[in-house]
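The values are calculated or read from the model by the stated rules, or taken from the named source; none is laboratory data. Note that this is a predicted model, so its numbers are computed, not measured. Cβ: placed from backbone, ideal geometry, glycine included. Neighbour counts: every protein chain shown.
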Amino acid sequence: MTEEEFVDVATVRDLLLDAQKRRGELSYEQTMALQHAEWSASAQGHPSGNMKTDPKVFTDLYNQLMENEKLNQYPEISAKIAELCPMSVPDIRVVIASKRIAMDTSEIEELITIIRQHVL
C-alpha cells in the first residue's frame, strides 16, 4: 500500500499550470480543476476571506499539526486544518467532528495558537 500525500490547493494549481506548460493544453476536467484551484488559492477563495494559500505554510503547519498526539492518527484532518486555517474553537470542532476526535477547548485553543504562528 502506498502512503498518501496531502497537498494544498496552491500546489494543485502549480502542478496544473506546469502540466499546461508542458502539454500545451489541459483536458476540460483539468481546466475546471485549475480554475477552481486558482480561485481557492486566492484570498477571495480562502474561507477566512483574506488569506492566500501558501504551499510552504501549508506544509509547515501540517507537519506541526501531525505532532499533536490526537491528530497524528488522522493525517487527513491535519491536512484539512492546515488548508482551512480555522481561527475559532467552533470551526475546528466542525473539522474534527468527522472523525469524532475528542478534544477539550484548551487543546483546540493550542491548535489555534499553532495556526496563528504560521499564518499571521
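Of the residues that make up the range 56-72, is at least one in contact with an Asp or Glu (Cβ under 6 Å, 6 or more places away or on another chain) and at pLDDT 85 or above?
Scanning the range 56-72 turns up at least one residue that is in contact with an Asp or Glu (Cβ under 6 Å, 6 or more places away or on another chain) and at pLDDT 85 or above.
Scan the range 90-105 for residues that are among the hydrophobic types (A, V, I, L, M, F, W, C) and surrounded by 15 or more Cβ atoms within 10 Å (Cβ to Cβ) and report the count.
5
Quick one: would you say Ala79 is modelled with pLDDT of 90 or more and more than 30 Å from Ala19 (Cβ to Cβ)?
It is false that Ala79 is modelled with pLDDT of 90 or more and more than 30 Å from Ala19 (Cβ to Cβ).
Looking at the structure I just gave you, is Ala10 under 27 Å from Met66 (Cα atoms), crowded, with 17+ Cβ neighbours inside 10 Å, in contact with a helix residue (DSSP H, G or I) (Cβ under 7 Å, 6 or more places away or on another chain) and without any contact (Cβ under 8 Å) to a residue 40 or more places away in the chain?
no
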